[in-house]
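Report on the structure given below.
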Amino acid sequence: MVNCREKDLETSGLFIHKNLFTSQNYKTVKGEKQKYKTYVLYKKSGEIEIDGKKKNSCPNKSPACYKYCLDNAGRGSFNAVKLSRLIKTKRYYFDPAKFKLDVINEIHRKYKWWAKNKPDWRLAFRCDGTTDLGVGRDIAHSVPDSVNLYDYTKNFNVVKKYIRGDYSKNYHITFSYSGINKKECIEALNMGVNVAVPFIHNIKAMRELPTSWYPKHFWGYPVISGENSDLRFLDPSPCIVALKPKGALTRDYSGFAIRGDW
């Protein structure tokens, strides 16, 4: 049954897309070489107003990570995409339980299709593509165990719960460097949780970087490339996952993108 708030959205023409997830991402497509089909749920990052109250979908963001968020880059810069992500975020805040049920049902539909048509493939879902709301960890127990759910998070409390085993075994997290949470990043690594960090070479900031653009060790931990795919649940741990800065982030000197001449 549609509640009044959902009906308001519907009559306003805001239910544009039936599917919440998309698979149109250049890096997730790379995982198909390993027979993983990855779907990402993108919502609007940052603050929006719901019923006169401000809601923040990225409560642990830093000014730099919000400024350079991928929510405003690539396809995320198009108005139609921005609107779609805003709609999904409002749907979540209006009725979180209904939204999560919609997510669960869509995952089950996709799982049944792939099991029937391409049974040798595995599925992966990232429910917070540009947010940190925890939808994936809330619903992981309600989808088949063989389905991989994963997220990047800047919420250190999530790391502690993850280590305690509070989440379903098919859910994986990678902690993210924000430019101001180095201490928490090192703690996460010490607990065995991988940390994603953007690295950039000072001299080649505006050019195509070679395959060895990241250091081999950082903060005392080995570094691996996070650009070969987005299948973070397959990464060895503990390690630092090096991400290549994109767009305006290549010109960042705030400390969010780590620079060096390695």
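The values are calculated or read from the model by the stated rules, or taken from the named source; none is laboratory data. Values in this document were obtained by computation on a predicted structure and should not be read as measured data. Because the Cβ atoms are built from the backbone with ideal geometry, glycine has one as well, and the counts that use them run over all protein chains shown. The accessibility values were calculated without ligands, DNA or RNA, using every heavy atom of the protein model including side chains. Shrake-Rupley method; radii C 1.70, N 1.55, O 1.52, S 1.80 Å.
Would you mind finding the one in 113, 121 that is farther than 22 Å from residue 27 by Cα, surrounded by fewer than 19 Cβ atoms within 10 Å (Cβ to Cβ) and among the hydrophobic types (A, V, I, L, M, F, W, C)?
113
Restricting attention to segment 179-190, which residues are free of Cβ contacts under 8 Å to residues at least 60 places away in the same chain and crowded, with 16+ Cβ neighbours inside 10 Å? Outline the logic, then answer.
Here is the first cut: in segment 179-190, the residues free of Cβ contacts under 8 Å to residues at least 60 places away in the same chain are 182-190.
Matches in segment 179-190: 184, 185, 187, 188, 189.
Every residue, every condition in (1) touching a Lys or Arg at 6+ places or on another chain (Cβ under 8 Å); (2) touching a residue at least 12 places away in the same chain (Cβ under 8 Å); (3) over 17 Å from residue 219 (Cβ atoms), yes or no:
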{"position": "94", "(1), (2), (3)": "yes, yes, yes"}
{"position": "107", "(1), (2), (3)": "no, yes, yes"}
{"position": "130", "(1), (2), (3)": "yes, yes, yes"}
{"position": "141", "(1), (2), (3)": "no, yes, yes"}
{"position": "149", "(1), (2), (3)": "yes, yes, yes"}
{"position": "158", "(1), (2), (3)": "yes, yes, yes"}
{"position": "165", "(1), (2), (3)": "no, no, yes"}
{"position": "176", "(1), (2), (3)": "yes, yes, no"}
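Looking only at segment 124-139, which residues are of a type in the set (Val, Ile, Thr) and not in a helix (DSSP H, G or I)?
Correct list: 130, 131.
When segment 144-175 is examined, which residues are found to be over 25 Å from residue 187 (Cα atoms) and open to solvent by less than 10 Å² (accessible area, probe 1.4 Å)?
147
Can you find a residue that is of a type in the set (A, V, I, L, M, F, W, C), surrounded by fewer than 22 Cβ atoms within 10 Å (Cβ to Cβ) and more than 17 Å from residue 231 (Cα to Cα) anywhere in segment 129-136?
no
Which members of segment 58-109 meet the condition of being at pLDDT below 80 and β-branched (Val, Ile, Thr)?
81
Out of the residues in segment 169-223 meeting the condition of being touching a Phe, Trp or Tyr at 6+ places or on another chain (Cβ under 6 Å) and at pLDDT below 90, tell me which one is nearest to residue 255 (Cα to Cα).
Per the stated criteria, the residue is 199.
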